[in-house]
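FYI, it's all coordinate maths here, none of it is from the lab. Not measured: the values here are computed from a predicted model. All Cβ positions, glycine included, derive from the backbone under ideal geometry; neighbour counts span all protein chains shown.
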Amino acid sequence: MDYTGSDIYCDVIIPKKVTLNVIKETDDVLAYYHTQPHWETHIIITPKKHVLDLVELVSQPDGLARKLLDVMAEIAKAIEEREGGCTIFTTTGNNQNAKHLHIHVRNGAEL
Ligand SMILES: [Zn+2]
């Protein structure tokens with residue numbers, strides 16, 4: 001995929017301009033297997049409305065943080081049952097390539 005913009009989530013992923021292996025989708029949250037995984041298990045969880053990052057998420061008035069957390073916990077539980085555990089992380093500021101909140105869930109320990 002040749003995408004060079006700054007928000008692949010609003011531009012490509014959420015409108016499903018590419019084929020996604022979706023794990024869970026609600027009115028507000030999309031979770032799918034990363035299209036170019038860096039780990040054997042590599043899942044992305046993202047809000048379907050535009051939110052820049054974790055810092056901006058906490059100021060959302062609509063309970064979106066809780067909705068995201070619920071999907072994160074459900075997926076973490078499933079991976080834990082299957083693989084023993086997982087690592088969950090997100091990025092902000094200069095460390096964030098795609099300027100739309102997205103949470104990585106991957107196999108393996110934190111380091
Ligand atoms: Zn966005």
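Working out 0.36 nm times the residue gap between residue 88 and residue 74, then minus their Cα-Cα distance, what length gain in nm do you get to one decimal?
Numbers: separation 14, 0.36 × 14 = 5.04 nm, distance 1.25 nm.
Length difference between fully extended and current span is 3.8 nm.
Can you give the Kirkwood hydrodynamic radius of the range 8-106 from its Cα pairs, in Å with one decimal?
Numbers: mean 1/r = 0.0729 Å⁻¹.
Its Kirkwood hydrodynamic radius stands at 13.7 Å.
May I ask you to evaluate 6.51 cos²θ - 1.76 cosθ + 1.60, the Karplus curve with θ = phi - 60°, for each residue of the range 50-65 and list the ³J(HN,Hα) values in order in whole Hz, giving x for glycine and proline?
Those phi angles translate into 5, 9, 5, 7, 4, 5, 5, 4, 5, 8, 6, x, 9, x, 4, 4 Hz.
Sketch the reach of a paramagnetic label on residue 99 as a point 7 Å from Cα along Cα-to-Cβ, and name the residues of the range 52-89 whose backbone nitrogen lies under 13 Å away.
The answer is 52-53, whose backbone nitrogens lie closer than 13 Å to the label point.
Looking at the chain, how many pairs of lysines come closer than 21 Å at the Cα, when each pair is eight or more places apart or spans two chains?
Within the chain, the lysine pair count is 18.
With the crude spin-label approximation of a point 7 Å out along Cα→Cβ, what separation in nm comes out for residue 16 versus residue 56?
2.4 nm
Based on Cβ point charges of +1 for Lys and Arg and -1 for Asp and Glu, what charge dipole magnitude is obtained for the chain about its Cα centre, in debye rounded to the nearest 20? The partial results should precede the final answer.
Details: 11 positive and 16 negative charges, 30 e Å.
Once rounded to the nearest 20, the dipole reads 140 debye.
Once amide H atoms are placed 1.01 Å from N in the peptide plane, what residues at a sequence separation of 5 or more from residue 29, or on another chain, have their amide H within under 5 Å of its amide H?
Excluding prolines and chain starts, which carry no amide H, the hits are 48.
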